[in-house]
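Every number here is computed from the coordinates shown, using simple stated rules; none is lab data. All values derive from a computational prediction rather than experimental measurement. Every residue, glycine among them, receives a Cβ derived from its backbone with ideal geometry; neighbour counts consider all protein chains shown.
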Amino acid sequence: MKRKSRINSNTLLLLITIALFIVMYAIGCVIYHEKGFDHLQTFLNILITNAGLLCVACGMTCVMLTGGIDISVGSLIAMDCMILAYGMGVKGYPCIPLLIFVLVIGLVFGLVQGFLVGYLDIQPFIITMAGMFFARGMTAVICTKQLSITQDANALFYSWANYKIFLPKFLGYLNSKGKLQIPFIRPTVLVALSVVLIIFFVLKFTKFGRALYAVGGNEASAKLMGLNVRSTKLKAYILSSFLCSIGGICYSLNTMSGSVQQAVGLEMDAIASSVIGGTLLTGGVGSVFGSLFGVLINGTIGTLVNTNGKLLSSWANIATAALLCFFIILQSVFALVKERKS
Amino acid sequence: MEDQILLTMRGVSKTFPGVKALDNVSITLRKGEIHALMGENGAGKSTLIKVLTGVHAFEEGEIRLDGFDEPIINHTPIEAQKRGIVTVYQEVNLCPNLSVAENLFIGREPKTKLGYIDWRKMNKLSRELLKRLDIDVDVTQTLENYSLAIQQMVAIARAVDMDCKALILDEPTSSLDENEVSKLFVLMRHLREKGVGIIFVTHFLEQVYAVCDRITVLRNGEFAGEYTVAEMPRFKLVATMLGKDVDDLDSIKPEGCESNCDEIAVEAVGLGHKGTIKPFDFHIRKGEVVGVTGLLGSGRTEMVRCLYGADHAQSGTLKMKGKVLKAKAPIDSIKSGMGYLPDDRKADGLISELSVRENIVLALQARQGVFKTLPLAKQYELADSFIEMLHIKTATRETPVSQLSGGNQQKVILARWLCTHPDFLILDEPTRGIDIGTKTEFQKLILKFASEGMSVVFISSEIEEMLRTCTRMCVMRDGEKVGEIDGEMTQEIVMSAIAGGEEK
Ligand SMILES: Nc1ncnc2c1ncn2[C@@H]1O[C@H](COP(=O)(O)OP(=O)(O)OP(=O)(O)O)[C@@H](O)[C@H]1O
Ligand SMILES: [Mg+2]
């Protein structure tokens, strides 16, 4: 009998992720001190740019916990953005009904995918790949041009997009020209952070959340223990697509445009963020806080490369790839160590 | 009260593709009785239970439950649970990634007033529940940190904590030691007094006589009779199960290394692994069968893992046939002629999609290397001979092992290691879940191999079984080898050696 109270290896992975983010950010602050990397606003901008991704990553984490995957999210975001841009920019529809429409589309999309995965036992990769092609195709069907939402088209939506929520004054700093800058965030950040908190709560404190872990841990056992595996999976995919639609709205607020090529590969960013945050592709292990830091790391890499200015932006991809390898290797090393011990 | 009927299954039939698993089977469970369900491996016990609890659908028959006027059909385990039928299935079915407390309470978590999970209360209730069963674990740790026995006890604790009319235990004792079994029995008797009906599956006859009131025997998927324990002496029960008289178990006597061979096959000096087992000395002669005994968690498994090189020894040396062996990984040990059957069948993995034949030849193939494929004819021959020798009940040799009954899966693993014909074979609880007829066959087989020069280290929780096969026993206590017994060996001598100083 082994009863040493050792730190759980999953917690350790999360700690490593957080530490890595801090180290990376600190290095950035030192190297790019002149360019203002150490200003609070730089950090907030990472949050602002990645608010959409953060919502998506939360949904992705839920699906990955069950041992599944959802690769339709990037295309779904493109479709959402296109619907919003086309609806407001071209047709001049009011924004509130459009937003509700987009959210409902997310629910329906998830319902169909979840039903196929949960009740008909089809491989999630295949189903969501079909979903991916479908959504991307629909985006092109709506409009093949690049559309944008202007102030004239929808003043309300425009004002949201440009709304700044200032942080308290004492956080202000002087920029290089000696002007006082008060750091701000956008409404999308609040939305995304609320999503993180809510999903954290759901995962930790609700039956559904724990069922996600159980299903990912051992599906057959979960069934025999009397959990409803099918409906759990169904709900996971609904949640993913719904959060993806919320993310789509954030994305739209950030870019104020819609095009067929939007958010290509975003699903991979979301998966990468989750994995870096300690979610196992095999399911059963992971947390949204991990995914939050995964997204932040992802964003920091991008910002570092941008701030440098001379580097090709593809270096960001290479850095992400390296990190992914690092974390996956770390995870398997931990798994091996665990096996040795037991 | 005594004769009030709680549950009846009548005329139940179930066919899997190619196998008639149940044919017109009936069982009657009364309130406040412990009802043994007996039968050979593959007789259909687990299938009957799965049909009852909605894991499998059935074709014919009806199920009646006290309190329902109409016959009932459970479509899912949840439905069965809601009707008061709670089950511990044969393999431990819990989620290794969740904490012990969650495994106890998932699906019925205590809630706070606001409707979210009350972790504090859940952990507290879990601690209380396990304490009543005398299990000492940290309930907040993930389950995978604990041994199979603890996991088994957690599964049982989960079941008995649910309010139920009928409790079904499918081989709950297969990975428990005597201490834990007696705890379980106390619990079962307590539930019996409260009027719960218990169906209890086991291959240990003495356990049947210790707690059960009535016995239903299945044979080859058919109903072979219902008896009260009193009218069913041991030999009659065995005969009913097998459908024939067997030569009594006691007819086998240890012959062991009387083959006067003095050649030392394996010798370990000061071998140890930090944290699991203190340095120990060990030797075994060619053709000898040595037992390793001790309570669960006493370091039996750890000792043999160290010998095999599954745990890398930090101190000491290991010599095989006089040559120092430096095994870095199990594959080195296999190549130098060792074989190891671990106690955790699930982790060691039968590969459940592969066929019986493929699983049997797997280790042999691994030793030969990928490029020297065994000829198919040879594979057929090997598979067929072991299927026959160990009575593996399978439709064909190409059936996927996932479709075999629990005990028959265990036999396939056993066959896997026996067919490599190693010089030194380590068997950790090889007969877990194996029926009594096959156990005898297996013991004979071990002795036969030994007489051909194989050295065998044998761990079993059943002392009798070891007495019958071993010439010598190592005694383990608290992660340390505390002594050896040879010469005269009886149940009492071994028991007191195991208990050591702390006799009760
Ligand atoms: N999923 C399945 N598919 C096909 N055949 C199966 C399946 N499950 C069980 N069987 C077959 O049904 C028969 C009865 O199996 P069952 O598991 O009920 O035996 P058992 O009495 O529980 O044996 P054991 O003591 O080994 O656990 C066996 O021949 C087995 O091969
Ligand atoms: Mg069985």
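Brief remarks follow.
- Extension gain (nm, one decimal) between residue B:114 and residue B:445, 0.36 nm per residue minus Cα-Cα: 112.9 nm
- Summary value for chain A: 33 percent relative contact order, contacts being C-alpha pairs under 8 angstrom separated by 6+ residues.
- The overall shape of the range A:2-341 is oblate: from the C-alpha gyration tensor, with semi-axes ordered a ≥ b ≥ c, the ratio a/c is 1.5 or greater and a/b is no larger than b/c.
- DSSP-defined beta bridges in the protein assembly as shown - what % are antiparallel, rounded to 5: 60
- Normalised by the number of residues in the range B:2-250, the average gap of Cα pairs under 8 Å and 6 or more apart makes the relative contact order 28 percent.
- Cα gyration tensor shape for the range A:234-342, rounded if a/c is under 1.5, else prolate or oblate: oblate
- Over 18 Å between alpha carbons, listed pairs B:20/B:393; A:204/B:131; A:204/B:82; A:91/A:145; B:286/B:448: A:204/B:131; A:204/B:82
- Exercise: per-residue mean of other protein chain Cβ atoms within 10 Å, B:131-142: 2
- Seen from every direction in turn and averaged, the convex hull around the alpha carbons of the range B:2-250 projects onto 15.0 nm².
- Computed label-point distance, nm, for sites residue A:170 and residue A:321 using a 7 Å Cα→Cβ extension: 4.7
- Chain B - percent relative contact order, Cα under 8 Å, separation 6 or more: 16
- Among B:460-471, A:309-320, sorting by the average number of other beta carbon atoms lying within 10 angstrom of each residue, highest first, gives B:460-471, A:309-320.
- Label point at residue A:96 placed 7 Å out along Cα→Cβ; residues across the range A:145-186 whose backbone nitrogen lies under 14 Å: A:156-157
- Looking at the range B:359-441, the chymotrypsin sites (Phe, Trp or Tyr not before Pro) that sit in a DSSP loop and have at most 11 other Cβ atoms within 10 Å of their own Cβ are B:371.
- Taken as Cα centroids, the range B:31-75 and the range A:245-260 sit 56 Å apart, rounded to the nearest whole angstrom.
- Semi-axis lengths, largest first, of the ellipsoid equivalent to chain B are 39, 27, 23 Å, with √(5λ) applied to each eigenvalue of the Cα gyration tensor.
- Cut-off under 5 Å, modelled amide H: who pairs with residue B:168 long-range: B:86, B:87, B:88, B:199
- Ellipticity estimate at 222 nm from DSSP helix runs (n ≥ 4, -39,500 (n - 2.57)) divided over chain B, nearest 500: -10000 deg cm²/dmol
- Loop-located GluC sites (Glu not before Pro) in the range B:118-211, at most 10 other Cβ atoms within 10 Å (DSSP): none
- Overall form of the protein assembly as shown per C-alpha gyration tensor (a/c, 1.5; a/b vs b/c): prolate
- Computed from the C-beta positions of residue A:38 and residue A:155 and an R0 of 45 Å, the FRET efficiency is 0.80 to the nearest 0.05.
- The slack in the chain from residue B:493 to residue B:478, taken as 0.36 nm per residue of separation less the alpha-carbon distance, amounts to 3.5 nm.
- Qualifying chymotrypsin sites (Phe, Trp or Tyr not before Pro) for the range A:116-169 [loop in DSSP, other Cβ within 10 Å: at most 13]: A:119, A:163
- FRET efficiency for residue A:138 and residue B:376, using Cβ-Cβ distance with R0 set to 60 Å, rounded to 0.05: 0.70
- Among the DSSP helices (H) of chain A, those spanning at least 24 angstrom by Cα along their long axis with an average Kyte-Doolittle hydropathy of 0.0 or more are A:9-31, A:95-118, A:124-142, A:187-205, A:229-255, A:288-308, A:314-341; this is a geometric and hydropathy rule only.
- In this simple spin-label approximation, residue A:19 and residue B:321 carry label points 7 Å from Cα along the Cα→Cβ vector, and these lie 4.8 nm apart.
- Separation of alpha-carbon centers, the range B:443-504 and the range A:119-182, rounded to whole Å: 71
- Only helices enter the 222 nm calculation for chain A: every DSSP H run of n ≥ 4 contributes -39,500 (n - 2.57), and dividing by all residues gives -23000 deg cm²/dmol, rounded to 500.
- Computed label-point distance, nm, for sites residue A:163 and residue B:486 using a 7 Å Cα→Cβ extension: 8.6
- Peptides B:151-157, B:486-492, B:45-51, ordered by how many other C-beta atoms sit within 10 Å of their residues on average, highest first, read B:45-51, B:151-157, B:486-492.
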